[in-house]
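Take a look at the structure set out below.
The values are calculated or read from the model by the stated rules, or taken from the named source; none is laboratory data. Just so it is clear, the model here is predicted, and its values are computed rather than measured. Cβ placement follows ideal geometry from the backbone for every residue including glycine, while neighbour counts extend to all protein chains displayed. Calculation scope for accessible area: heavy atoms of the full protein, side chains included, ligands and nucleic acids excluded. Shrake-Rupley method; radii C 1.70, N 1.55, O 1.52, S 1.80 Å.
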Amino acid sequence: MNNLRNNLRNNLRTYRHNLLTTGLLALALTTPAVQADGSFIALLGGTTESADMDSSGTSWRLLFGPRATDNLSFEMGLMDLGEARNTISGANNSGISRFHPQGGLFSLSYRFGVLEQLDLFVKGGFNLWYADFDRVSIDASNVRTEEQDSVSGVSMITGAGLMWWVLPDLAVRAELETTELESREFPNTRFQLLTLGVQYDF
């Protein structure tokens, strides 16, 4: 019975990885079809906060995509939300002690100028995420049991930020994003990402 359960879990994990890879490949292949006014690439890093977890770590994102117009861009890329942790203690208690989501995202971004070298932008889309997590259970005798598992899903992501153009094609980019990861395996968990990086238009 345990072997069957492990085989099902491994097959499900492989399926999730394949689904994520297929989705990202499909997004990459559609990029040339919508390219109309150049492209961009951006690298950002920063902090991740979650009111649903006791502590969270650092995040990074690699974004790229075509610009449909001077103001509207299609954004896709890879993201890592960092490792979040909860302290699980006390008898007859259980919960998620460690959670590390990462994956790919696709969104639309619209920017508008406020000063000669300063743009504001808003964005919205979805992320295809995959996460390893640890679940801890403590029984009435204070015996602690830890189980490792993984989960994947699709969640909405929204954000806003600004770009300061230090050169005609190079900008310092700062943004705040929020997303809520939903799954049957654990309670819904909301993350806020505050990141800073650079963007190059070409």
Working only within the stretch 39-66, note down all residues that are open to solvent by 20 Å² or more (accessible area, probe 1.4 Å) and farther than 21 Å from GLU180 by Cα.
ILE41, LEU43, PHE64
Suppose we filter the stretch 156-172 for residues that are under 19 Å from GLN192 (Cα atoms) and either outside any strand (DSSP E or B) or of a type in the set (Asp, Glu) (or both); how many remain?
0
Note on the stretch 156-184: residues surrounded by 13 or more Cβ atoms within 10 Å (Cβ to Cβ) and among the acidic types (Asp, Glu) are GLU175, GLU177, GLU180, GLU182
Of all residues in the stretch 185-198, which are at pLDDT 95 or above and loosely packed, with under 15 Cβ neighbours inside 10 Å?
LEU196, VAL198
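Those residues that are aliphatic (A, V, I, L, M) and free of Cβ contacts under 8 Å to residues at least 40 places away in the same chain, I need them from the stretch 125-148; list them, please. Explain how you work it out, then say what you get.
The first filter runs over the stretch 125-148 and keeps only residues aliphatic (A, V, I, L, M), leaving 128, 131, 136, 138, 140, 143.
Passing the criteria: only VAL143.
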For the stretch 182-202, give me the residue count where each residue is of a type outside the set (Asp, Glu) and more than 14 Å from MET79 (Cα to Cα).
11
